[in-house]
Amino acid sequence: MIPPRTRATVTAVAALSLALAACGSRVDHDTVVRSVGGGGQVATGAAGADTTVGADGSADAPSGDAASDDAASGSGAGTSGGGSGGSASGSAGKTAKSGGGPIVIGSVGTTSGPGGVAFAQGPRALQAWAATVNAQGGINGRKVQVIVMDDGADASKGRSQMQELVEQRKVVAIVASFTTTQTMNAWKSYVEKKKVPVVGGDCSTTAWTASPMLFSECPGTNSALDGLAQVGAKYGKGKKLGALFCTDSEACTHVQERFFGSGKAAERYGLDPVYNAKISVTQPDFTAECIQARNAGVELMLVTGDPNTVSRVASSCSRQNFTPQFLQPGATVDGATASKPGLKNVLAVTPTFPFTGSTAAGFGQFNSAWNKYGGGKAPGPAAAQGWASAKVFEKAARGAGEISRAGLIKELTTFRGQRFDGLTVPLTYVAGKGTTDTKCAFGMRGSGGNWTAISGGKAFCW
């Protein structure tokens, strides 16, 4: 059982990490499997033996019993256990070079527990991508298998799962890793030592732009926040900014420092910060804070927390006949936010393409795949980020002469200002350094109870 304080902290970290890049129940594994159909391989990593699902959607033995012959033939059974497999010359690389075997990739992230609701759409989008690619014949004629492991926001568990994927499952890359900052810190040095590329994920920490093995699909943390301030200044109904910052996470403190502290993002981009206060994501009512913000003349309200917290704040303020326009980091909203009371004209900034309403050339494929494999739920920021991560990997895999860890890293570090048909900000990766920060982001707004993409979903840069 997770103690209440720990549960609140994990929730806040999970929600904010996407934006710097909500609270909920466990994501059922069978639901994920059904949603992806033929979308590769899933291993929940929840407890005990992992469930393995093949490229044809059929259930197989637990991961420890998966047969190497099946993996080599591309039937969809798990890869064999054992062996070090840490280097790019491991069995996955040799199979890739010879052609015919599946391309095995992994994803370690939080798909259950308090952070699972926000994060789960990321690996689900990865699975939807795999299903789409496999239906079209795979990558260079080879099917893709995806192994998704749930770390439960447990750093030590995430570290052991990463080691299993690298050393036993022989994955060539980690893709769409949606996890907390603490868990990433637990395995970051390991993937650096083993030279395993990690392609995309939650964009939660400055580590994404400070590691040679982390290839982010997003702008840096501070750039995303600066973009949020600019959207508020340009599209907000007023300049007077108020904010409620959760006390449950250092991520919330970082946003406060960027907007109201030495970062001065609010003032630098034309907003007038007039009020801020501390809250908890477990707080049921925010009447006092709403009254204080109203008395301070707040016109724009920023709330750090999960989407449910944002909804509770908006509801509390509405009951006081106080209806500021909300200005939100992407991870603090979801597909339904714009339909909630008090949030129908909400503004948001996302680090990858808007999850609805985009006119980008690459959006149609995402939209079609999500409608088919998304489980019937409206997509949110994590879905867009998971898909963008997959597309970055796909381009690297199609261009690599050898689909091995070394081959993928070499190809990734040739990318210069790649936008992936409008799905990402310009992405550049440098050998030995990893992701180069980009001062660009995407804007969204609520209109008539629905989300719309600002400027047709085109990234704005400064």
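Here are the numbers for this structure:
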{"read-out": "Per-region count, region 292-321, residues in contact with a strand residue (DSSP E or B) (Cβ under 6 Å, 6 or more places away or on another chain) and either over 20 Å from Thr253 (Cα atoms) or not assigned by TED's automatic domain parsing to the domain that holds Asn276 (or both)", "value": "4"}
{"read-out": "Residues of region 374-426 that turn out to be farther than 21 Å from Phe178 by Cα and aromatic (Phe, Trp, Tyr), as a count", "value": "1"}
{"read-out": "Answer from Ala397, Ala384 - the residue that is among the hydrophobic types (A, V, I, L, M, F, W, C), closer than 30 Å to Lys237 by Cβ and not assigned by TED's automatic domain parsing to the domain that holds Asp334", "value": "Ala384"}
{"read-out": "Those residues of region 253-272 which are buried (at least 21 other Cβ atoms within 10 Å of the Cβ) and assigned to a helix (DSSP H, G or I), in sequence order", "value": "His254, Val255, Arg258, Phe259, Ala265, Ala266"}
{"read-out": "Tally, over region 125-154, of residues that are touching a helix residue (DSSP H, G or I) at 6+ places or on another chain (Cβ under 6 Å) and either aromatic (Phe, Trp, Tyr) or modelled with pLDDT of 95 or more (or both)", "value": "14"}
{"read-out": "Among (1) modelled with pLDDT of 95 or more; (2) farther than 30 Å from Ser280 by Cα; (3) surrounded by 20 or more Cβ atoms within 10 Å (Cβ to Cβ) - the single one Glu167 does not satisfy", "value": "(3)"}
{"read-out": "Val171 being among the hydrophobic types (A, V, I, L, M, F, W, C), touching a Phe, Trp or Tyr at 6+ places or on another chain (Cβ under 8 Å) and outside any helix (DSSP H, G or I)", "value": "no"}
{"read-out": "Near pairs, Cβ below 8 angstrom, 6+ apart or cross-chain, from region 267-287 (at negative phi and in the same structural domain as Arg312 (by TED's automatic domain parsing)) to any residue that is among the acidic types (Asp, Glu) and surrounded by 15 or more Cβ atoms within 10 Å (Cβ to Cβ)", "value": "Arg268/Asp226; Tyr269/Asp226; Ala277/Glu289; Ile279/Glu289; Ser280/Asp248; Val281/Asp248; Val281/Asp306; Thr282/Asp248"}
{"read-out": "Restricting region 238-251 to residues that are surrounded by fewer than 24 Cβ atoms within 10 Å (Cβ to Cβ) and modelled with pLDDT under 95, the residue that is nearest to Ala459 (Cα to Cα)", "value": "Glu250"}
{"read-out": "Any chance Val392 is assigned to a helix (DSSP H, G or I), assigned by TED's automatic domain parsing to the domain that holds Pro197 and under 18 Å from the mean Cα position of the chain (by Cα)", "value": "yes"}
{"read-out": "Unique residue being outside the structural domain of Tyr429 (by TED's automatic domain parsing) and not polar (S, T, N, Q) when the list is Lys170, Lys237, Lys188, Lys193", "value": "Lys237"}
{"read-out": "Residue list for region 123-175, filter: out of contact with any Lys or Arg (no Cβ under 6 Å at 6 or more places or on another chain) and polar (S, T, N, Q)", "value": "Gln127, Thr132, Gln136, Asn140, Gln145, Ser156, Ser160, Gln161, Gln163, Gln168"}
{"read-out": "In region 207-222, residue farthest from Arg445 (Cα to Cα) [restricted to those that are surrounded by fewer than 20 Cβ atoms within 10 Å (Cβ to Cβ) and of a type outside the set (A, V, I, L, M)]", "value": "Pro212"}
{"read-out": "Count - residues of region 322-380 that are under 28 Å from Ile291 (Cα atoms) and among the hydrophobic types (A, V, I, L, M, F, W, C)", "value": "12"}
{"read-out": "Residue, surrounded by the fewest Cβ atoms within 10 Å (Cβ to Cβ), within region 396-436, restricted to residues that are in a loop (DSSP other than H, G, I, E, B) and hydroxyl-bearing (Ser, Thr, Tyr)", "value": "Thr414"}
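Conditions tested, residue by residue: (1) part of a loop (DSSP other than H, G, I, E, B); (2) farther than 29 Å from Pro324 by Cα; (3) of a type outside the set (S, T, N, Q).
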| site | (1), (2), (3) |
| --- | --- |
| Ala207 | no, yes, yes |
| Glu217 | yes, yes, yes |
| Asn222 | no, no, no |
| Leu225 | no, no, yes |
| Ala233 | no, no, yes |
| Gly238 | yes, no, yes |
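The values are calculated or read from the model by the stated rules, or taken from the named source; none is laboratory data. None of the values given here were measured: they were computed from a predicted structure. Note that each Cβ is placed from the backbone with ideal geometry, even for glycine, and that neighbours are counted across all protein chains shown.
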